[in-house]
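*Asks:* Here you go, one structure.
A short reminder: the numbers here are calculations on the coordinates, not readings from a lab. Quick caveat: nothing in here was measured; it's all calculated off a predicted structure. With ideal geometry, Cβ positions are generated from the backbone for all residues, glycine too; neighbour counts draw on all protein chains shown.
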Amino acid sequence: MKRFAARSYVAAQRHPHVASAVNPEIIQHYHAHVYYDPASSRDRAARLRERVAAIFPDVTLGRWHDTPVGPHTQSMYQLAFPPLLLASFLPWLMLNRDSLSILLHPGTGDAYADHIDHAVWLGSVLPLRVDVLRKSRKTPSQS
Ligand code: ZN
């Protein structure tokens, strides 16, 4: 982290536009939302969940939501993890998602930006209920 900060400082002096770039240190956590179809892919989602629990004990497993909740338009469960885990957990998810769609987003405190502007999708991009995000901009419980 120290090296990153020092390099950013030097870059900001040389390139004025870098100074206004958002510092990733504002990211408090990440969510990976794992989507599934209760009729056809719940078993794969369950297998992925078991593997995550076994290999990444620092990932917090969220509840199953067979009925879409919050901004999500498909069944899903959430995996929450600290920023330090991203470098090992993301490549693991890339290789082991088993064709499931996953929305990966940072937690910066701005729910709308986190889900729409800053999100990364693994697999197919699914629609989100943007109106829900706008309404609960502070801290939605299931976003
Ligand atoms: Zn989320």
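*Asks:* Checking the a/c ratio against 1.5 first, then a/b against b/c, what shape does the Cα gyration tensor give for region 24-135? Present the calculation step by step, with values, prior to reporting the outcome.
*Replies:* Details: a/c = 1.75, a/b = 1.08, b/c = 1.62.
Cα axes put region 24-135 in the oblate bin.
*Asks:* Dipole magnitude of region 41-86 about its Cα centre, charges +1 at Lys/Arg Cβ and -1 at Asp/Glu Cβ only, in debye to the nearest 20?
*Replies:* Numbers: 6 positive and 4 negative charges, 23 e Å.
The calculation lands at about 100 debye.
*Asks:* Here is a further query. Pairs of alpha-carbon atoms within less than 8 angstrom and 6+ residues apart define the contacts here; what relative contact order does region 24-135 have, in percent?
*Replies:* Values: 176 pairs, mean separation 38.9, N = 112.
Relative CO of region 24-135 lands at 35 percent.
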